[in-house]
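Taking it in order: structure first as structure tokens, then the write-up.
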Amino acid sequence: MYPPHLYSSPWRDYASYWASSLKTPGHASVGSSQDTPTAQVGTSSHGLLSDYPPTSTVSSQSTSRDLEAADEGRSQNSRSLRFSRSSIEEVKEKRTFREESPPRPCGGQASGSLPRSHWESSLEEGFIDTHCHLDMLYSKLSFKGTFTKFRKIYSSSFPKEFQGCISDFCDPRTLTDCLWEELLKEDLVWGAFGCHPHFARYYSESQERNLLQALRHPKAVAFGEMGLDYSYKCTTPVPEQHKVFERQLQLAVSLKKPLVIHCREADEDLLDIMKKFVPSDYKIHRHCFTGSYPVIEPLLKYFPNMSVGFTAVLTYSSAWEARDALKQIPLERIIVETDAPYFLPRQVPKSLCQYAHPGLALHTVREIARVKDEPLSRTLATLRENTSRLYNL
């Protein structure tokens, strides 16, 4: 049982929703869905895990290094790509969005805060960064301390509208580290846990147990990120990605946890698999979308409770396809995220912030408002409502 204070929140009473111990449901129906596949939590299914390598441990620092190249390239256009060995070999050069930033001021040191007009101090609504990686951010900055201390150090770039963040832990090998538990002790941090396709090759029964144990935490609000990645930067064999993705979908639906979905160049296969394992009315976060509207449209139509996460990639001049998709997606289907430490907003000089952090999500909110031609206050309020509906925060 976790300490009682973890079960209370200004927005939600976690104790009334999550039991203190794992259940092994014999059902997986959500909402009105009747024929959802079932999964036994904590047990391997059809020999799924029998051929996985022995468990291994890894630090947040090495996880950050593994994901850095992939996440910097994640903003390349996501397009439907049916898997074949030849097609994977052909994916060698893709257009990517460069992280653009203004020239550094002389001296290379932060000399002050962003202008207050940047944050429009009259805003009454707040925002939650729905997807970041605090463990990787801390590793990149060699930071040790609480999130409260972190916000004080970077107070000039944390606006008063900041209401918290969901830190995603996507490499189960790092869950033996106590950092994730320390982070979730703090008032404005929630967690999501899953296995990124980059790390699917390390998935094992032992790591699944660690993953499920973390998901017992009262502030664990989602399962993921998980998904498929057919880009040349992902070295996990596609059949293995499929097995681990399907396994996680079954577990997530059994636990009735919202899904956090990663997808690169695998949209058609991703939809086919999700149709088999996920009820159409399930709550889903399509994370870090950077592609064109025709890519996301089939998912939006099949999963009416899916929300699409946009990052500061929207602020890059080269992200015209993402902005065009944003125009066509209803505001009520959009949520904001940073994917920190990646994707520093274009407007933020690296002298002020070397890496993205959760407080900078307001730049993305402002870009969403601009592209949608909506008042910033209404955009902020709608995105906050969308986050509440998806994650109950």
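Does V260 satisfy the condition of being closer than 19 Å to H285 by Cβ, surrounded by 19 or more Cβ atoms within 10 Å (Cβ to Cβ) and either out of contact with any strand residue (DSSP E or B) (no Cβ under 7 Å at 6 or more places or on another chain) or modelled with pLDDT under 95 (or both)? It is false that V260 is closer than 19 Å to H285 by Cβ, surrounded by 19 or more Cβ atoms within 10 Å (Cβ to Cβ) and either out of contact with any strand residue (DSSP E or B) (no Cβ under 7 Å at 6 or more places or on another chain) or modelled with pLDDT under 95 (or both). One residue stands out among those in region 330-344 that are touching a residue at least 60 places away in the same chain (Cβ under 8 Å) and of a type outside the set (V, I, T): the one that is farthest from V260 (Cα to Cα), which is L344. Is it the case that V313 is at pLDDT 95 or above and assigned to a strand (DSSP E or B)? Spelling it out, it is not the case that V313 is at pLDDT 95 or above and assigned to a strand (DSSP E or B). Scanning region 350-392 for residues that are modelled with pLDDT under 95 and not polar (S, T, N, Q) yields K350, L352, C353.
Taking residues in region 193-222 that are polar (S, T, N, Q), and partners anywhere that are at pLDDT below 95 and crowded, with 19+ Cβ neighbours inside 10 Å, the pairs with Cβ atoms closer than 6 Å and at least 6 places apart or on different chains are S204/Y52; Q207/P172; N210/P172; N210/L175.
Before we move on, is G359 assigned to a strand (DSSP E or B), in contact (Cβ under 8 Å) with a residue 40 or more places away in the chain and within 22 Å of A222 (Cβ to Cβ)? No: the conditions fail for G359. Each residue in region 264-291 was checked for being surrounded by fewer than 18 Cβ atoms within 10 Å (Cβ to Cβ) and among the polar types (S, T, N, Q), and 1 of them qualify. Inspect region 308-317 for any residue being touching a residue at least 12 places away in the same chain (Cβ under 8 Å), crowded, with 20+ Cβ neighbours inside 10 Å and within 25 Å of V238 (Cα to Cα) and give the result as yes or no. There is at least one residue in region 308-317 that is touching a residue at least 12 places away in the same chain (Cβ under 8 Å), crowded, with 20+ Cβ neighbours inside 10 Å and within 25 Å of V238 (Cα to Cα). Being over 17 Å from L300 (Cα atoms) and in contact with a strand residue (DSSP E or B) (Cβ under 6 Å, 6 or more places away or on another chain), is that true of even one residue in region 265-279? Looking through region 265-279, none of the residues is over 17 Å from L300 (Cα atoms) and in contact with a strand residue (DSSP E or B) (Cβ under 6 Å, 6 or more places away or on another chain). Restricting region 162-181 to residues that are assigned to a helix (DSSP H, G or I) and modelled with pLDDT of 95 or more, the residue that is nearest to K233 (Cα to Cα) is W180. Scanning region 102-150 for residues that are part of a helix (DSSP H, G or I) and at pLDDT 95 or above returns L134, D135, M136, L137, Y138, S139, K140, L141, F147, T148, K149, F150. Going by the conditions given, is L362 surrounded by fewer than 19 Cβ atoms within 10 Å (Cβ to Cβ), over 16 Å from the mean Cα position of the chain (by Cα) and within 18 Å of D129 (Cβ to Cβ)? Judged against the criteria, L362 is not a match.
Annotation: of all residues in region 187-203 being of a type outside the set (A, V, I, L, M, F, W, C) and surrounded by fewer than 19 Cβ atoms within 10 Å (Cβ to Cβ), the one that is nearest to G126 (Cα to Cα) is D187. Of everything in region 182-203 that is part of a helix (DSSP H, G or I) and charged (D, E, K, R), the residue that is farthest from E161 (Cα to Cα) is R201.
Given the condition β-branched (V, I, T), surrounded by 20 or more Cβ atoms within 10 Å (Cβ to Cβ) and at pLDDT 95 or above, answer yes or no: does some residue in region 246-257 qualify? Among the residues of region 246-257, at least one is β-branched (V, I, T), surrounded by 20 or more Cβ atoms within 10 Å (Cβ to Cβ) and at pLDDT 95 or above, which makes the answer yes.
From the list K301, K350, K327, the lone residue that is surrounded by fewer than 18 Cβ atoms within 10 Å (Cβ to Cβ) and in contact (Cβ under 8 Å) with a residue 60 or more places away in the chain is K350. Applying the set (1) in a helix (DSSP H, G or I); (2) under 25 Å from C170 (Cβ atoms); (3) of a type in the set (D, E, K, R) to R378 leaves exactly one unmet item: (2). Here region 230-266 is the region considered, the condition is being within 15 Å of F193 (Cβ to Cβ) and in a loop (DSSP other than H, G, I, E, B), and the residue that is nearest to the chain's Cα centre (by Cα) is P258.
Of the residues in region 216-238, not one is closer than 28 Å to P358 by Cα, in contact with a strand residue (DSSP E or B) (Cβ under 9 Å, 6 or more places away or on another chain) and surrounded by fewer than 17 Cβ atoms within 10 Å (Cβ to Cβ). Among the criteria (1) more than 17 Å from C170 (Cβ to Cβ); (2) touching a Lys or Arg at 6+ places or on another chain (Cβ under 7 Å), the one K275 does not fulfil is (2).
The values are calculated or read from the model by the stated rules, or taken from the named source; none is laboratory data. Owing to the predicted nature of the structure, the values given are computational and were not obtained by experimental measurement. So basically every Cβ, Gly included, is an ideal-geometry build from the backbone, and we count neighbours across all protein chains shown.
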